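Below is one structure; the comments refer to it alone.
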Amino acid sequence: MSNITRDQFDVLVVGGGPAGLAAATCAAECGRHVGVVDDNPALGGQIWRGEVGKAASEAVDWYARLRAAGANVLCGARVFHQPEPEVLLAEAPDGPLELKYKKLILATGARERFLPFPGWTLPNVMGAGGLQALVKSGLPIAGKRVVVAGSGPLLLAVAAYLRQHGAEIPIICEQASWGSLVGFSLALLRQPQKVRQGFALRKQLAGISFAASSWPVSARGERAVEEVVISQSGKNKTVPCDYLACGFHLVPNSELAALLGCRLRDDLVQVDDYQQTSVAGIFCAGEPTGIGGLELSLVEGRIAGLAAGGSAPAAKPLFAEREKLRKFARVLDRTFSLRAELRGLPLPETIVCRCEDVTCSRLAQHTSWRAAKLQTRCGMGPCQARVCGPATGFLFGWAQDSIRPPIFPTRFENLITFSPEAERSEITGGRG
Amino acid sequence: MPEPITVTVNGTSLAVPGGATVAVAIVLAGAACRKSVTGETRGPLCGMGICYECRAVINGQLHCRSCQIICQPGMEVRTDE
Amino acid sequence: MSGLTYDVVVVGAGIVGAACAEECARQGLRVAIIDRDVIGGGATAAGMGHIVVMDDSEAQFALTRYSQQLWQQLRQELPADVEYEPCGTIWVATDEEEMAEVRRKQNYYAQRGVPTEVLDPQTLERLEPNLRKGMAGGLLVPEDVVLYPPCAARFLIERAQGAGAKLHLGSSVSQIGNGLVRLADGTEFSAAAIINAAGAWASALNPGVNVKKRKGHLAITDRYPGFIRHQLVELGYLKSAHSTSADSVAFNVQPRKTGQILVGSSRQYGAEHGEVDTGVLTRMLQRAQEYMPRLAELSTIRVWTGFRAATPDKLPLIGPCLGDPALFLATGHEGLGITTSLATARLLVDQIAGRNPAIPIEPYLPSRVPAEHAYA
Ligand SMILES: Cc1cc2nc3c(=O)[nH]c(=O)nc-3n(C[C@H](O)[C@H](O)[C@H](O)COP(=O)(O)OP(=O)(O)OC[C@H]3O[C@@H](n4cnc5c(N)ncnc54)[C@H](O)[C@@H]3O)c2cc1C
Ligand SMILES: Cc1cc2nc3c(=O)[nH]c(=O)nc-3n(C[C@H](O)[C@H](O)[C@H](O)COP(=O)(O)OP(=O)(O)OC[C@H]3O[C@@H](n4cnc5c(N)ncnc54)[C@H](O)[C@@H]3O)c2cc1C
Ligand code: FES
């Protein structure tokens, strides 16, 4: 059996993206013994995922501060279970970690929302952030044609990034209408940092065609995607490509919060002024409390870090900035809410649950998530409905049932490394 | 740029940029990651450890999330599950 | 309200209620099935789906064997998603004491026409190479089967619907008896016969009924086709007291048609909540890993719990309720309700329709449970 490593922290932070970095740094600067655990090979989360060999530049200040404050960094470790209050278990390459904490900060970020359409399971059809992550992890993209599609500000960031790395972007398809995008631009004008980012983006994207009210209707190809049919202003057109990078805005990673019993509403973790959840001593910062972007994640992380670190009063001056950014988050929500037509994208034979290959027509026979899951195996695969859950939520209006450990698949032996002292009674046998 | 390293994907040696993930090596090798339950070939989707489409056999171990594992020299990757 | 008058109203759309509804509908009775949740969402969604012949008592053997044969007869009609897999069971013996039990069991089954095969250590190792080395042997029971219970329940309900039965999901029953079934929303159904097939919740509807919740845990892995080929169960319970109150765990692993491995099992009394109990889970998985060390490295996707409906003498309650001859019980199946659902339905409808049962029904009649038990 692989060895278990035990560690104990005043403040433990799950997630090493911007929110987690800010939280861990601020808590450590309060003089607490802090640990940050993240499942990626390096810190940075999605936006600051280090490019191969060098740390992304905007993040460098935070790394330096984090190091100076003396926080412990545990990368490549994925939290999968809370066997008893104030203990988390994580899976790491060299064996499981048992992490005790006094205060916990959840900064588990967000993932892309994927919607099924014919051909979306072909190789080289990826998430927009998904392809970007692969390129950041070493995939050469120079000279490749990438159609970027779906919804949300991420599409522009990804297109700019890919182009910078030599990709050709025939088109960006945004499902939201020009009308809602204009509202979004007006809101951007009230955010100086965002205006600067916006101008920079426009320069990077100059000359790329951008279509609003546009979305992929199907992806086609023999062994991998070769072309994508897009709907643009009510007409279909075929665009040849090497990759389709497609994601429909973001959904929060709130599974860990749910496992710990934190109150959620519409999948968002509910927090008080100090980012504390409904469970005392457990805080949450960044995307799980609402999809709001980098600056909001940072300020929420700082507030959570200060509060968990015992310097709550120092967090108060940050409330105003957070409020301003939350307004922007609400605009984001409105702008990129999904149009009803997208529910018609999957054909009856289109696979919706990719782990178990469950088609749309099989799901359509059921009236609830639980019935569909029990009868078709939808959501029973290793992604544990992280992909098909949000999709069926949109397609059929289904809410998912309760969360159970492990929240990520883990090695069998990792589930038995923890045994509460009190439970050491005789083992007796019987049939199942 | 760190030195490229060599791994094996389905028996064929391949140089990948140092620090690249196994998912990148698989895409570079022109392979798909896995066969789905009904036999479709699949490649990475999310790039961040969520979707499990990038599962591959790494050094004999089944069901590894290749997008969150960095290539090590001499690693043996199989995608014909 | 003539539209809500039925010959039979079945409360509970688990595997037992589904089987009863199907059997009634096939007899031409007008049937309604009511469940507060979805089809097969109770213990039926949690159970392992091992269709197994058992010999704890003569009555348990008769019921499990009869029911297993009914499943075999149904086999050709089962849709693919029921995942019927005739993989057989191997009872695994770790030492000579357990081998003696293997031979006793073989003898018992042989006398009653159940084919079995005693496995020596080499044969066992060849059949199941992932078991720990050095086992004493085992008993192969080739006619045991594995299936996927929620789809089996749906299949039975669809057959009942095909014969005219009406299904009401999402309605909680608040009261039954005297020919009336009342829902929480006030709707009433009248019926010549009411079947309480509410599983571990049956006593909430009939307070005198002596079924207790017995919680179980299961874990499932990702797909590893061929890792095991039979349902593998320990004989270790010989060494522990045959307790009906203490918590227990046992090595019990099952190959799913998907290639996944379902790992059990545990038994707990007094637990009312469905949360995973880390202490029990840990012991259960440790036990499994002792028998099968290579389980350690398998990717494990999910853990869940379910409630068995346990009776004091480990036999189900099939028949009229004390004091209300029109109210029938079909519950108390503990860890065997998937197996014995079809026989339960036959024996119950035999009583409702006045047919001759294929096996003696006395051991399962609710009236057998002593009054002090029933009203304790
Ligand atoms: C795929 C993707 C790409 C994006 N790209 C851009 C971009 O290019 N530009 C831009 O402006 N914004 C981008 N965003 C948005 C940006 O990530 C957010 O606005 C914000 O920075 C999120 O910060 P965060 O700290 O809340 O979450 P994240 O940055 O998502 O960090 C959360 C971290 O927690 C880890 N984690 C989650 N659960 C566990 C667990 N159980 N155990 C261990 N670790 C865990 C995650 O792997 C991740 O590293 C992207 C978002 C996504 C989802
Ligand atoms: C861990 C575990 C492993 C098992 N393994 C096996 C095995 O390998 N083989 C085997 O044969 N058996 C096994 N069993 C036992 C088997 O699962 C049960 O005996 C069987 O599912 C019981 O079926 P049921 O229809 O009686 O109950 P349930 O499936 O629980 O159905 C009862 C139904 O009644 C409904 N209900 C309850 N109260 C009300 C109300 N007031 N109003 C409306 N509806 C109501 C519920 O929603 C539920 O759907 C196992 C059980 C467990 C827990
Ligand atoms: S690509 Fe989704 S988990 Fe690796």
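What the table shows:
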item	result
Average partner coverage of A:349-360, which counts Cβ from other chains inside 10 Å	3
Cα centroid of segment C:132-161 to Cα centroid of segment C:249-328, whole Å	14
Share of carbon and sulfur in the accessible heavy-atom surface of the protein assembly as shown [1.4 Å probe, %]	51
Interface B:A - total buried accessible surface [probe 1.4 Å, Å², rounded to 100]	2900
Whether segment A:114-248 is rounded, prolate or oblate, judged on the alpha carbon gyration tensor where a/c under 1.5 counts as rounded	oblate
Computed lengthening from residue C:7 to residue C:297, 0.36 nm per intervening residue step minus Cα-Cα distance	99.0 nm
Given charges at Cβ of Lys, Arg, Asp, Glu: segment B:4-78 dipole, positive-most of B:16, B:60, B:77	B:60
Label zone at residue C:80, where the point sits 7 Å out along the Cα-to-Cβ direction: segment C:30-57 residues whose backbone N lies under 15 Å	none
Distance from segment A:161-238 to segment C:84-100 (C-alpha centre basis), Å	62
For segment A:220-236, 3J(HN,Hα) per residue [Karplus equation, 6.51 cos²θ - 1.76 cosθ + 1.60, θ = phi - 60°, Hz, x = Gly/Pro]	9, x, 7, 9, 8, 4, 10, 7, 10, 8, 10, 9, 9, 6, x, 10, 8
Residues in segment C:10-55 occluded by at least 50 Å² - accessible area, probe radius 1.4 Å, against chain by itself	C:38
Buried solvent-accessible surface, both chains (A, C), 1.4 Å probe, Å² to nearest 100	4000
Charge dipole (chain A, unit charges on Cβ, about Cα centre) - positive-most of A:402, A:382, A:275	A:275
Estimated distance in nm for a label pair at residue C:353 and residue A:316, the labels positioned 7 Å out from Cα along Cα-to-Cβ	7.8
Shielding by other protein chains, C:285-295, mean Cβ within 10 Å	3
Principal axis dimensions, largest first and in whole angstrom, of chain A by Cα	66, 60, 38
Spacing of the two label points (7 Å from each Cα toward its C-beta) at residue A:278 and residue A:189, in nm	4.1
In degrees, nearest ten, helix C:149-162 long axis to first principal axis of chain C (Cα)	30
Inter-site label distance for residue A:222 and residue A:4 at 7 Å from Cα along Cβ, in nm	5.3
Set C:215/C:257; A:102/A:373; A:235/B:35; A:144/A:235; A:203/A:324; A:373/B:35 screened for pairs whose C-alpha atoms are more than 29 Å apart	A:102/A:373; A:235/B:35
Solvent-accessible area per residue for chain A (1.4 angstrom probe, square angstrom)	39
Segment A:114-248, relative contact order [Cα under 8 Å, separation at least 6], %	38
Amide H within-cut-off set for residue A:120, under 5 Å, with H built and near neighbours excluded	A:219
Virtual paramagnetic centre 7 Å along Cα→Cβ of residue C:271, amide N under 15 Å, in segment C:303-317	C:303-310
Pairwise FRET efficiency - residue C:133 versus residue C:286, Cβ, R0 = 25 Å, nearest 0.05	0.85
Angle in degrees between helix C:96-111 and the longest Cα principal axis of chain C, rounded to the nearest 10	50
Mean Cβ neighbour count within 10 Å, used as a protection proxy, ranking A:407-416, B:56-65, C:177-186 highest first	A:407-416, B:56-65, C:177-186
Kyte-Doolittle mean at least -1.0, axial Cα span of 18 Å or more - DSSP H helices of chain A	A:192-205, A:294-308, A:319-335
Residues whose placed amide H lies under 5 Å from that of residue A:48, excluding near-sequence neighbours	none
Cβ-placed point charges (K, R +1; D, E -1), dipole of the protein assembly as shown about Cα centre in debye, nearest 20	2240
Å² of accessible area per residue within segment B:4-78, as computed with a 1.4 Å probe and no ligands counted	33
Between helix C:58-74 and chain C: long-axis angle, C-alpha atoms, 0 to 90°, nearest 10	80
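The values are calculated or read from the model by the stated rules, or taken from the named source; none is laboratory data. Worth saying up front: this structure is predicted, and the values here are computed from it rather than measured. Positions of Cβ are backbone-derived with ideal geometry, glycine not excepted, and every protein chain shown enters the neighbour counts. Protein only, heavy atoms only, side chains kept; ligands, DNA and RNA dropped before computing areas. Shrake-Rupley method; radii C 1.70, N 1.55, O 1.52, S 1.80 Å.
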